Each structure stands twice: as structure tokens, then as C-alpha cells.
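S.K.: Got a structure for you, questions after.
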Amino acid sequence: MAKLQYQGYSESDRAIPVAEKFGSANLYRRQATSLLNPATGFIKAYDFTLNPYQGCQYGCGYCYAAAFSPHYKMRQDWGNWIIVKENAAELMEKELASWERKQSQSDSKRPPKIYMSTVTDPYQPIESKEKITRSLLEVMVAYQPILVIQTRSPMVVRDMEILKKFRHLRINMSVPTGSESVRKDFEPRSPSIKARLKAIATLRHGLPCDELHDVRCSVTATPLLPTYFKDQIPFINKMQVVDRVVIQPFHNLRAGALTAVTRQEAIAIVKKYDWWYQNEEENYKKFKRLLQEQLSAVEIKEGQSGFTYE
Ligand code: SF4
């Protein structure tokens with residue numbers, strides 16, 4: 001197979017103009033060799049992770065996924081390129097058929113547990129054109145996996161009719177702050193908080209939940225970014241609709257393995273929010289207490305434990 005070229009980033013072809021664009025993002029296409037990857041670390045409770053794209057147009061300031069860029073210059077330019085896995089649906093069919101074959105030889109046959117996605121957003125803007133995520137859902141529905149979809153995009157609602165056919169589904173909507181100005185600082189290209197909360201409410205009301213469908217909806221605030229005190233209660237009240245809220249402190253500010261992978265961009269923005277980060281532990285605890293007080297019917301989870309399907 002020919003070596004993949006990323007015009008504009010590779011040393012050898014820096015001067016070659018990028019062949020394809022989607023908005024301002026550089027767009028590349030490739031034939032993936034595999035799609036379902038064994039899940040490890042934070043989401044090791046799953047069998048596989050599933051990333052329909054490489055790269056993410058949202059380019060959130062704190063995104064750890066930038067570290068998995070194919071080229072160091074692409075890491076620096078995180079948010080401005082996307083790689084489309086053109087043969088994703090075809091691969092998915094093969095890999096799920098293979099799972100099923102292996103399961104048929106086992107005494108404890110079970111569906112695969114799939115987490116979509118870990119290093120991209122399956123509903124970033126390019127999905128409106130390429131529909132790779134949609135094509136994967138169309139394949140998956142025949143196999144009925146236990147599926148978790150992690151996104152911050154209201155575009156997920158577009159696929160409501162397919163999602164209704166899944167029997168084991170959790171939608172995690174990322175909403176790390178209840179203050180729109182904070183959202184604009186940390187993730188300026190992402191959809192508004194209002195649009196995300198409306199989308200998860202639409203899914204909660206529109207997806208079936210009965211003896212045949214175990215469908216769950218969460219809001220994930222991971223990392224929990226600052227929320228102005230005046231916005232906290234209105235934000236929390238909008239979460240009444242989900243069955244789980246997941247929070248986690250900002251990983252960069254804690255000593256640990258993830259420290260090295262937070263983007264520098266976020267570190268600069270954090271300084272602007274001294275009123276929160278000077279006393280982050282206390283502010284985090286207060287927010288958690290508010291969640292517990294206001295959302296008595298909603299499960300409040302922290303960190304890894306919040307990312308399970310169950
Ligand atoms: S949406 Fe997710 S994957 Fe995309 S940049 Fe933001 S944090 Fe990273």
C-alpha cells in the first residue's frame with residue numbers, strides 16, 4: 001500500500017497544495033486497515049473503540065486526542081484537518097461478522113460492547129457530508145451491539161430513526177460548562193450549550209425505552225470547566241432529562257498520567273479563569289453537591305465509573 005501523504009504537513013511535500021478542503025479544514029481520505037480497536041484504559045469495560053474519522057474539526061483547547069495525530073505538525077494544527085476512513089462500513093461488516101462467528105463457537109454468546117468515539121467526534125461537521133457514522137450505524141444495527149455514542153454535536157438527532165432500532169444504546173452528550181462564554185473560550189468551534197442540551201432532550205423523549213429497548217442518555221462534563229455561579233442552577237435544571245451526569249476535574253491541573261497530553265492552548269485559557277481554578281477542588285465539590293441536591297432522580301458519577309454503559 002502506498003505511504004499515506006498529508007499534503008501541507010509532511011516534510012517532503014510541504015509545498016504541495018492540499019487537494020481537498022472541507023470549509024477551512026484539510027481533508028484527507030484513506031482506506032483503513034481495521035476499525036474496531038480493542039478498548040483499554042479508561043473504557044476497558046468495552047470490547048472495542050470505534051472512530052469513524054481521524055482528527056476532529058472541533059479542535060477543543062483541552063483535547064487529549066491531539067496526541068494521537070499521525071504527524072507532529074498535525075498535532076500542532078489539531079482541529080484543522082480530518083481523515084475520512086472511506087471503507088469504514090465495509091470493514092465494519094467484516095469485523096462484526098468475524099465477532100459473530102467467534103461468538104457462535106462460544107458457550108456464552110454475547111453482543112460486542114462498542115464505544116464510539118474516543119479520539120474524534122462521530123458527529124463533527126464533516127459527517128453532514130460524508131455520513132460515515134451513519135453508514136456504521138446502518139451496519140451495526142443488524143448485529144445489535146451494546147453501543148455508546150459520545151458526541152457534542154446536535155447532528156446525532158439526524159440519525160434518530162436508525163438509533164430507535166438499537167436495543168442497547170447510551171448517548172453521552174458532552175457539555176463541560178453551563179456558561180456560553182466559557183464554552184467559546186475552551187471550544188470555540190463546537191455547538192452551543194443550548195443546542196446540545198436540546199439535542200439530548202430530543203433524544204431522551206424520542207428514543208424508545210421499553211422492555212425491548214434499554215436506551216440511556218447522559219450529560220458528560222469531563223472535564224468540568226468553570227461555570228459562572230449565576231449559570232449553575234439553570235444549567236443543572238436542564239439536565240433533569242438525562243439519567244446520568246458524569247463529572248471529572250480538569251485533567252491538566254491534576255498530577256497524573258494525563259498531564260502531558262493537555263494542549264498548551266487550554267493551559268493559557270485556564271489562566272483567564274483564576275476565580276475558578278485557584279480554588280478548583282472546592283468549586284468542583286460545590287458543583288457536585290449542587291448536582292446531587294438538584295438532580296435527586298439522576299445518577300451522578302465521577303471519572304471512569306461514569307463511562308460504563310450500565
Ligand atoms: S470534540 Fe472531542 S475529540 Fe473533538 S476536539 Fe473536542 S474533545 Fe477532542
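The values are calculated or read from the model by the stated rules, or taken from the named source; none is laboratory data. Being a predicted model, the structure only gives us computed values, none of them experimental. Positions of Cβ are backbone-derived with ideal geometry, glycine not excepted, and every protein chain shown enters the neighbour counts. Remember, those area values only see protein heavy atoms, side chains included, never the ligands or the DNA or RNA. Shrake-Rupley method; radii C 1.70, N 1.55, O 1.52, S 1.80 Å.
S.K.: Name the helices (runs of 4 or more DSSP H) wholly within the stretch 27-133 that hold at least 2 residues that are modelled with pLDDT of 95 or more?
M.R.: Hits in the stretch 27-133: 88-104, 127-130.
S.K.: Just one of the numbered conditions (1) of a type in the set (G, A, S); (2) within 16 Å of the ligand (Cβ to nearest atom); (3) touching a residue at least 24 places away in the same chain (Cβ under 8 Å); (4) surrounded by fewer than 22 Cβ atoms within 10 Å (Cβ to Cβ) is not true of S192; which one?
M.R.: For S192, the exception is condition (3).
S.K.: Still on this structure, please answer the following. From (1) surrounded by fewer than 19 Cβ atoms within 10 Å (Cβ to Cβ); (2) within 15 Å of the ligand (Cβ to nearest atom); (3) in a strand (DSSP E or B), pick out the condition that doesn't hold for K21.
M.R.: So the condition that K21 fails would be (2).
S.K.: Next question, about the same structure. For the stretch 51-92, which residues satisfy the criterion of being in contact with a helix residue (DSSP H, G or I) (Cβ under 7 Å, 6 or more places away or on another chain), of a type outside the set (A, V, I, L, M) and under 14 Å from Q5 (Cα atoms)?
M.R.: In the first step, residues of the stretch 51-92 are kept if they are in contact with a helix residue (DSSP H, G or I) (Cβ under 7 Å, 6 or more places away or on another chain); the result is 52-53, 56, 60-62, 64, 66-67, 69, 75, 78, 81, 84-85, 88-89, 92.
Applying the additional criterion that residues be of a type outside the set (A, V, I, L, M) yields 52-53, 56, 60-62, 64, 69, 75, 78, 81, 85.
Answer for the stretch 51-92, where residues must be in contact with a helix residue (DSSP H, G or I) (Cβ under 7 Å, 6 or more places away or on another chain), of a type outside the set (A, V, I, L, M) and under 14 Å from Q5 (Cα atoms): S69, W81.
S.K.: Tell me yes or no: at least one residue of the stretch 55-76 is surrounded by 12 or more Cβ atoms within 10 Å (Cβ to Cβ), of a type in the set (D, E, K, R) and under 19 Å from the mean Cα position of the chain (by Cα).
M.R.: Yes, because at least one residue in the stretch 55-76 is surrounded by 12 or more Cβ atoms within 10 Å (Cβ to Cβ), of a type in the set (D, E, K, R) and under 19 Å from the mean Cα position of the chain (by Cα).
S.K.: Can you go through S104, S135 and tell me which one is over 30 Å from E20 (Cα atoms) and more than 16 Å from the ligand (Cβ to nearest atom)?
M.R.: It is S104.
S.K.: Is it the case that some residue within the stretch 225-232 is in a helix (DSSP H, G or I) and surrounded by 17 or more Cβ atoms within 10 Å (Cβ to Cβ)?
M.R.: Yes, the stretch 225-232 has at least one match.
S.K.: Any idea which of (1) more than 18 Å from the chain's Cα centre (by Cα); (2) modelled with pLDDT under 85; (3) open to solvent by less than 30 Å² (accessible area, probe 1.4 Å) is the one H251 doesn't satisfy?
M.R.: (1)
S.K.: If you don't mind, another one. Looking at P145, P122, which is the one that is open to solvent by less than 10 Å² (accessible area, probe 1.4 Å) and within 11 Å of the ligand (Cβ to nearest atom)? Before you say what the answer is, go through the steps one by one.
M.R.: Numbers: P145 fails: within 11 Å of the ligand (Cβ to nearest atom).
So the residue among P145, P122 that is open to solvent by less than 10 Å² (accessible area, probe 1.4 Å) and within 11 Å of the ligand (Cβ to nearest atom) is P122.
S.K.: Now for a different question. For the stretch 148-183, how many residues meet the condition of being more than 16 Å from the ligand (Cβ to nearest atom) and part of a loop (DSSP other than H, G, I, E, B)?
M.R.: Total meeting the criteria: 6.
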